[in-house]
Each structure stands twice: as C-alpha cells, then as structure tokens.
1. For segment 185-207, what are the residues that are closer than 27 Å to residue 33 by Cβ and in contact with a Lys or Arg (Cβ under 6 Å, 6 or more places away or on another chain)?
2. Has segment 30-40 got any residue that is more than 20 Å from residue 198 (Cβ to Cβ), surrounded by 14 or more Cβ atoms within 10 Å (Cβ to Cβ) and not small (Gly, Ala, Ser)?
3. Go through 17, 63 for me and flag whichever is within 20 Å of the chain's Cα centre (by Cα), surrounded by 17 or more Cβ atoms within 10 Å (Cβ to Cβ) and of a type in the set (Phe, Trp, Tyr).
4. When you look at residue 41, is it among the aromatic types (Phe, Trp, Tyr) and under 27 Å from residue 114 (Cβ atoms), yes or no?
5. Would you list the strands (runs of 3 or more DSSP E) that sit entirely within segment 1-112 and hold 1 or more residues that are over 24 Å from residue 138 (Cβ atoms) and among the aromatic types (Phe, Trp, Tyr)?
6. List pairs: first residue in segment 163-174 and in a loop (DSSP other than H, G, I, E, B), second residue acidic (Asp, Glu) anywhere in the structure, Cβ distance under 7 angstrom, at least six positions apart or on different chains.
7. Quick one: in segment 118-143, of everything that is of a type in the set (A, V, I, L, M, F, W, C) and either modelled with pLDDT under 90 or assigned to a loop (DSSP other than H, G, I, E, B) (or both), which residue is surrounded by the fewest Cβ atoms within 10 Å (Cβ to Cβ)?
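The values are calculated or read from the model by the stated rules, or taken from the named source; none is laboratory data. Since the model is a prediction, treat every value here as computed from it, not as a measurement. Using ideal geometry, Cβ is built from the backbone for each residue, glycine included, and neighbour counts are taken over all protein chains shown.
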Amino acid sequence: MKPYHFGFVLGANQMGFSVAMRDNFVTDTLFGVQSRGTIGFTVGALFNKSLHDFWNFRTGTTFSFGTRRLTYSLQEIPGKITQMTKSIESVTMDIPLEIKWTGMPDRGVRPFVIGGFRYSLDMANARRRREQPSDHLADIVVRLERDDFLFTVGAGFDFYLPLGNRIGIEIKMAFGLRDMLFRENNVFTNGIERLTSRNLQIAINIE
C-alpha cells in the first residue's frame, strides 16, 4: 500500500536484431544476412510509483550484458558461398519509462502487464572514428550506433510475501525504433537497409 518503493532486477536476456535488406542487396560477394543472439544477463535497480490501486509507473536503471551475431553468406571464392559471423558484444545502460497494470489479487498473487519505452546506451559500441578500409573481410569490424530507443511490452506475476516484500516474475520484449548500424561503406553494411534491436528478457524483480 506504500505510494512508492524501490527494488532490484536480476534476469537473463537474449539480444538480437531485425534485419531489413535493401531491394538490390545481392552483389558478387554478399548473398544474405541473418541475426542470431546468445544468452546474457541483466542486473539493476527499479523504482515503482503507485498511481492507482491497479496502475503503477515504473522506472530505474539496469545494465544488460550480451552478444549479438550477424551471419553473412559471402562468396569470397567464385562458385563457393561461405558463412562469416561478426560478433558484437554489448553492455547497455537501460532507463525504462513504463506503465504497469495489475489484476485483482488471489491468495497473494497478482498478474500484471507492462509496457512503455526504454532508452538504451550501448557503452561497448559507442560510435568511434572510421577505420581504414581493409582488404581482408575477417578484419572488418561491424559497429553500432550508441543510442537506441525501444518500445517494450511484457507480462508476469507478482507474489506478495508475509514480510511485506514483493517478488515479480516477468517476461518482456523490446523492439528498437531506430537504425543501429554504423555505416562504413563495406560489404557488411552496404546491403542492409535497417538494423533494429530485438531483445527478450526474463527477470525476477524484488521490491
């Protein structure tokens, strides 16, 4: 019943991309791009402000660690298509602004849905100066823009403990709103029209 309270977040995430290719992306070298994510982790603090019996405003600061992979189908040798994967490690500082709606309690359990927006600062891939062109494809680094804005939506359950604490289990998706690819006029960037974030997170919130 408190008007506001604090807590922390501990969870797992899977970072990935939604890749939109140009209409004429196929060249003598590039034949396709696929995005693959790996499992990372998320930790941080949250702040919850009660707006109504069923509505809450939630924000905070979390840090997410993960690796995203872009797998390119390339033809370096005529007649032979090979796969080359570019791994992009990310350490993001995330600041969400979300509205949470909770249902009626039943024996200390309340379902909820949550949605809003999130600002994400990628501290591991802040845009740097352009590198000198390389003739070796394996030496070319794929980089991202620093700032991202995402739409978030999720659902879960809150469990109320006798001592006054609340534990929430939550699954949430985040969909990027801007093109994150840092373009450097090479085979790994020229064929991509838009590269937007797609993140899945499963977390435990303790308040």
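1. Listed by number, the residues that qualify are 189, 191, 193, 201.
2. Looking through segment 30-40, at least one residue is more than 20 Å from residue 198 (Cβ to Cβ), surrounded by 14 or more Cβ atoms within 10 Å (Cβ to Cβ) and not small (Gly, Ala, Ser).
3. Testing whether each residue is within 20 Å of the chain's Cα centre (by Cα), surrounded by 17 or more Cβ atoms within 10 Å (Cβ to Cβ) and of a type in the set (Phe, Trp, Tyr) leaves just 17.
4. Against the criterion (among the aromatic types (Phe, Trp, Tyr) and under 27 Å from residue 114 (Cβ atoms)), residue 41 qualifies.
5. 4-21, 39-50, 55-77, 80-102
6. Pairs found: 165/207.
7. Among residues in segment 118-143 that are of a type in the set (A, V, I, L, M, F, W, C) and either modelled with pLDDT under 90 or assigned to a loop (DSSP other than H, G, I, E, B) (or both), the one surrounded by the fewest Cβ atoms within 10 Å (Cβ to Cβ) is 138.
Here is a yes/no grid of residues against (1) modelled with pLDDT of 90 or more; (2) touching a strand residue (DSSP E or B) at 6+ places or on another chain (Cβ under 9 Å); (3) farther than 20 Å from residue 202 by Cβ; (4) not β-branched (Val, Ile, Thr):
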residue	(1), (2), (3), (4)
11	yes, yes, no, yes
15	yes, yes, no, yes
19	yes, yes, yes, no
23	no, yes, yes, yes
33	no, yes, yes, no
62	yes, yes, no, no
68	yes, yes, no, yes
83	no, yes, yes, yes
